[in-house]
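The values are calculated or read from the model by the stated rules, or taken from the named source; none is laboratory data. Predicted, not measured: the structure shown is a model, and the values here were computed from it. Cβ atoms come from the backbone with ideal geometry, glycine included; neighbour counts cover every protein chain shown.
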Amino acid sequence: MGEVDPAFIQNPEHRPKLEITKAEGIPLIDLSILKTPDTNYSPDPKALEGLVKEVGDACKEWGFFQIINHGVPQEKRQKIENASRKFFAQSTVEKRKVRRNEEKVMGYYDTEHTKNVRDWKEVFDFTLQVPTLIPASYDADDKEVAKWYNQWPEHPSELREACQEYAKEVEQLAFKLMELIALSLGLPENRFHSFFKDQTTFIRINHYPPCPSPHLALGVGRHKDAGALTILGQDDVGGLQVKRKSDGQWIWVEPNPDAYIINVGDIIQVWSNDAYESVEHRVMVNSERERFSIPFFFNPAHYADVKPLEELTNELNPAKYRPYNWGKFLATRKRSNFKKLDVENIQIYHFRIPDSELAEKLEQGLSIK
Ligand SMILES: O=C(O)CCC(=O)C(=O)O
Ligand SMILES: [Fe+2]
């Protein structure tokens, strides 16, 4: 990646301003009360109630928050970061030995596009479950299921173990967070667990090299995460910006290498019937320092039909989405990642029930009362 190829250049309205808005940041939440000193430990109910409220408020107001004292050992995080640095420092030829393609969906990739503009980054993807089952195609009538396997590079040889150990730790955290989110919606704490039985979760290691034109390109263009929940570790460089719900301003997320950034994905938005929204974010690059980040995309089983939870809908708050199959949604997304399509990617609003129809349902609901 030398000078800026036109493929990387954002339309003027999407180019980042280099003077950044630091404003009041996304909420910082301390999870230390969840730490389990022994197996019979359960947190003080009052403290837990306070924590659940903090999580619920953050999901409602921002769709994003940071957590500290999250229980993922610093040493595991260091190990994956160190191995990743070594991996990306190699030549393109070496890295492309584990290049992703239409059949092998996991591995190295350096030409990803977000909203049809190329991202200034290279990535390495791996799944948690091996193999991960996923529909073979995006065609709704095709019932064939394919298997995703990981591709591990020869160098550095420690990358594989570092990734697997890290994934186990973050997975536990992901379940804990889903419990807090369930409680915050007034649901039993294990309400979401079964969706993740045959999860399609994957982890991405992002490397953003220094960019000669940070005012024209983005590390990742504006987007929302399609899965349930994202747990993002980032180094001390910074670059992530979140679109503030209250006024649509792009807010810089102050990097804290001890914390994780959590964001609600599209699936939680649908499950919660819009009580919590998946929020747009993007990544700025800079001309001096490379940056690393590691998102963990917590995704349900491919056969999950995503729809508003019955407990969260009623005649006065009818379901705002038609059900959609997660596997087909993901397969459609993966397909367009490879080709720079001129059409818009599949989005949850394609499944949204039109307001006029919702108003009609609401009227019917009211007349029953
Ligand atoms: O690198 C980051 O801070 C965020 C990356 C991201 O949003 C993504 O990969 O979906
Ligand atoms: Fe993202």
Note on the range 224-233: residues in a strand (DSSP E or B) and either near ligand 2 (Cβ under 10 Å from one of its atoms) or modelled with pLDDT under 95 (or both) are THR230, LEU232
If I ask for residues that are away from ligand 1 (no atom under 15 Å from the Cβ) and of a type in the set (D, E, K, R), which ones from the range 89-130 would you list? GLU94, LYS95, ARG96, LYS97, ARG99, GLU102, GLU103, LYS104
Looking at VAL270, VAL285, which is the one that is more than 13 Å from ligand 2 (Cβ to nearest atom), outside any loop (DSSP other than H, G, I, E, B) and either of a type in the set (S, T, N, Q) or surrounded by 24 or more Cβ atoms within 10 Å (Cβ to Cβ) (or both)? VAL270
Odd one out for SER157, checked against (1) without any contact (Cβ under 8 Å) to a residue 60 or more places away in the chain; (2) within 16 Å of ligand 1 (Cβ to nearest atom); (3) polar (S, T, N, Q): (2)
Can you tell me which residues in the range 198-218 are within 14 Å of ligand 2 (Cβ to nearest atom) and in contact with a helix residue (DSSP H, G or I) (Cβ under 8 Å, 6 or more places away or on another chain)? ILE203, ILE205, LEU218
Can you say whether GLU165 is farther than 30 Å from LEU309 by Cα, assigned to a helix (DSSP H, G or I), out of contact with any Cys (no Cβ under 6 Å at 6 or more places or on another chain) and acidic (Asp, Glu), as far as the supplied structure shows? yes
Taking the range 230-242 and keeping residues within 12 Å of ligand 1 (Cβ to nearest atom) and at negative phi leaves THR230, ILE231, LEU232, GLY233, GLN234, ASP235, VAL237, LEU240, GLN241, VAL242
For the range 88-126, give me the residue count where each residue is aliphatic (A, V, I, L, M), farther than 26 Å from PRO214 by Cβ and in contact with a Gly (Cβ under 7 Å, 6 or more places away or on another chain). 1
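A quick yes/no check of all residues on (1) within 19 Å of VAL220 (Cβ to Cβ); (2) surrounded by fewer than 21 Cβ atoms within 10 Å (Cβ to Cβ):
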site: ARG100; (1), (2): yes, no
site: ASN116; (1), (2): yes, yes
site: GLU122; (1), (2): yes, yes
site: THR127; (1), (2): no, no
site: VAL130; (1), (2): no, yes
site: SER137; (1), (2): no, yes
site: GLU144; (1), (2): no, yes
site: PRO153; (1), (2): no, yes
Hey, does the range 304-316 have a residue that's buried (at least 16 other Cβ atoms within 10 Å of the Cβ), basic (Lys, Arg) and assigned to a loop (DSSP other than H, G, I, E, B)? yes
With respect to GLY221, is the statement that it is closer than 17 Å to PHE64 by Cβ and within 16 Å of ligand 2 (Cβ to nearest atom) true? no
Residue satisfying condition, being within 16 Å of ligand 1 (Cβ to nearest atom) and either crowded, with 20+ Cβ neighbours inside 10 Å or without any contact (Cβ under 8 Å) to a residue 40 or more places away in the chain (or both), within set ILE181, ILE205: ILE205
Of the listed residues (SER157, SER137), the one being modelled with pLDDT of 95 or more and hydroxyl-bearing (Ser, Thr, Tyr) is SER157
Where residues in the range 244-266 are away from ligand 2 (no atom under 12 Å from the Cβ) and assigned to a strand (DSSP E or B), which of them is farthest from LYS307 (Cα to Cα)? TRP252
Return yes when ALA83 is part of a helix (DSSP H, G or I), in contact with a helix residue (DSSP H, G or I) (Cβ under 7 Å, 6 or more places away or on another chain), exposed (fewer than 13 other Cβ atoms within 10 Å of the Cβ) and at pLDDT 90 or above and no when it is not. no
From the list VAL93, VAL52, which one is in a helix (DSSP H, G or I), surrounded by fewer than 16 Cβ atoms within 10 Å (Cβ to Cβ), among the β-branched types (Val, Ile, Thr) and at pLDDT 95 or above? VAL93
Just to be sure I understand, how many residues within the range 273-284 are touching a helix residue (DSSP H, G or I) at 6+ places or on another chain (Cβ under 6 Å), away from ligand 1 (no atom under 15 Å from the Cβ) and within 18 Å of LEU177 (Cβ to Cβ)? 2
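Yes/no per residue for (1) within 19 Å of the chain's Cα centre (by Cα); (2) outside any helix (DSSP H, G or I); (3) in contact (Cβ under 8 Å) with a residue 12 or more places away in the chain:
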{"position": "ASP57", "(1), (2), (3)": "no, no, yes"}
{"position": "LYS79", "(1), (2), (3)": "no, no, yes"}
{"position": "PHE87", "(1), (2), (3)": "no, no, yes"}
{"position": "VAL123", "(1), (2), (3)": "yes, yes, yes"}
{"position": "TYR138", "(1), (2), (3)": "no, yes, yes"}
{"position": "GLN151", "(1), (2), (3)": "no, yes, yes"}
